[in-house]
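Colleague: Sharing a structure, written as structure tokens. Questions coming.
The values are calculated or read from the model by the stated rules, or taken from the named source; none is laboratory data. Small disclaimer: the values here were computed from a predicted structure and weren't measured. Neighbour counts are summed over all protein chains in view; Cβ atoms, including those assigned to glycine, are modelled from backbone coordinates with ideal geometry.
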């Protein structure tokens with residue numbers, strides 16, 4: 001069964017605007033973290049595109065996020081982390097090539113899909129002070145995906161995100177247009193072999209050049225991955 005956008009609750013969002021100079025308002029950060037801890041969804045700017053976030057320790061909030069996106073069941077929401085230690089604490093397996101990519105491209109627009117226990121999780125450390133401040137204030141990890149309906153173009157402004165996800169967002173942080181404007185590159189590492197699942201802000205050639213012995217062709221046709 002697919003989640004549908006219509007199944008989300010009708011919420012009038014609170015919009016908090018930040019200066020485009022990059023100055024962080026701690027009251028805005030605290031308000032966003034409070035909404036997340038209470039199980040609400042928020043729209044946040046990132047270094048790539050605008051994202052919609054839920055607290056990972058609240059299954060109902062994560063379910064609401066999937067409903068808001070119209071995201072298929074069983075498709076995990078990527079995790080944005082404040083630092084590498086938080087990812088390691090989730091028992092993600094970070095092999096040699098994963099650590100090389102993390103060292104070169106984190107914080108930044110690279111999502112790395114790693115084995116965690118018996119499954120897989122996509123991780124990223126964003127390179128944007130507002131995003132990192134919200135993640136840290138909420139505990140260091142957030143489930144975040146691009147703030148658009150599944151299959152549609154990512155939102156580059158808070159207004160675009162709210163139009164896409166109307167009725168399901170409790171709070172939105174508006175810091176102007178997303179500075180990157182292009183989604184993250186997504187890679188998956190299986191037994192030290194690197195596959196580029198989606199080429200985004202970082203060219204596939206740069207990924208493979210980082211670990212040439214592990215380079216593998218990009219998967220044919222690409223795969224939908226609404227990562228912020």
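Colleague: I'm trying to understand the selection: among the residues of segment 92-117, which are in contact with a strand residue (DSSP E or B) (Cβ under 6 Å, 6 or more places away or on another chain) and more than 16 Å from residue 200 (Cα to Cα)?
Modeller: The answer is 92, 93, 97, 98, 114, 116.
Colleague: Separate question: Just one of 228, 201 is outside any strand (DSSP E or B), modelled with pLDDT of 95 or more and in contact with a strand residue (DSSP E or B) (Cβ under 8 Å, 6 or more places away or on another chain); which is it? Quick ask: steps written out before the conclusion?
Modeller: Values: 228 fails: modelled with pLDDT of 95 or more.
The conditions single out 201.
Colleague: Being under 14 Å from residue 178 (Cβ atoms) and not in a helix (DSSP H, G or I) is the filter here, so list the residues in segment 115-144 that pass it. Give the steps one after another, and end with the answer.
Modeller: Going residue by residue through segment 115-144, those that are under 14 Å from residue 178 (Cβ atoms) are 126-131, 144.
126, 127, 128, 144 - these are the residues of segment 115-144 that are under 14 Å from residue 178 (Cβ atoms) and not in a helix (DSSP H, G or I).
Colleague: Taking into account only those residues within segment 105-119 that are buried (at least 19 other Cβ atoms within 10 Å of the Cβ) and over 18 Å from residue 132 (Cα atoms), which is farthest from the chain's Cα centre (by Cα)?
Modeller: It comes out as 114.
Colleague: I'm checking my understanding of the structure. Among residues of segment 62-78 that are outside any loop (DSSP other than H, G, I, E, B) and surrounded by fewer than 23 Cβ atoms within 10 Å (Cβ to Cβ), which one is modelled with the lowest pLDDT? Show your work before the answer.
Modeller: Residues of segment 62-78 outside any loop (DSSP other than H, G, I, E, B): 62-69, 72.
Restricting the remaining residues to those that are surrounded by fewer than 23 Cβ atoms within 10 Å (Cβ to Cβ) gives 62-63, 67, 72.
Values: 62: 96, 63: 94, 67: 94, 72: 77.
Among them, the one singled out is 72.
Colleague: Yes or no: residue 49 within 21 Å of residue 166 (Cα to Cα), touching a strand residue (DSSP E or B) at 6+ places or on another chain (Cβ under 8 Å) and at pLDDT 95 or above? Give the steps one after another, and end with the answer.
Modeller: Working: within 21 Å of residue 166 (Cα to Cα): yes; touching a strand residue (DSSP E or B) at 6+ places or on another chain (Cβ under 8 Å): yes; at pLDDT 95 or above: yes.
Considered against the rule, which asks whether it is within 21 Å of residue 166 (Cα to Cα), touching a strand residue (DSSP E or B) at 6+ places or on another chain (Cβ under 8 Å) and at pLDDT 95 or above, residue 49 comes out as yes.
Colleague: Among (1) within 21 Å of residue 159 (Cβ to Cβ); (2) in contact with a strand residue (DSSP E or B) (Cβ under 8 Å, 6 or more places away or on another chain), where does residue 61 come up short?
Modeller: It is condition (1) that residue 61 fails.
Colleague: Can you name every residue in segment 44-61 that is buried (at least 18 other Cβ atoms within 10 Å of the Cβ) and part of a loop (DSSP other than H, G, I, E, B)?
Modeller: 45, 46, 47, 48, 49, 50, 55, 56
Colleague: Report the residue count in segment 86-105 for those that are touching a residue at least 12 places away in the same chain (Cβ under 8 Å) and part of a helix (DSSP H, G or I).
Modeller: Here is the first cut: in segment 86-105, the ones touching a residue at least 12 places away in the same chain (Cβ under 8 Å) are 86-87, 90-98, 100-102, 104-105.
From what's left, part of a helix (DSSP H, G or I): 86-87, 96-98, 100-102, 104-105.
Going through segment 86-105 one residue at a time, the tally reaches 10.
Colleague: Restricting the first residue to segment 155-170 and requiring it to be farther than 17 Å from residue 228 by Cα, which pairs with a second residue that is in a helix (DSSP H, G or I) meet a Cβ separation below 7 Å and a spacing of at least six or different chains?
Modeller: Qualifying pairs under 7 Å: 168/64; 168/68; 170/35.
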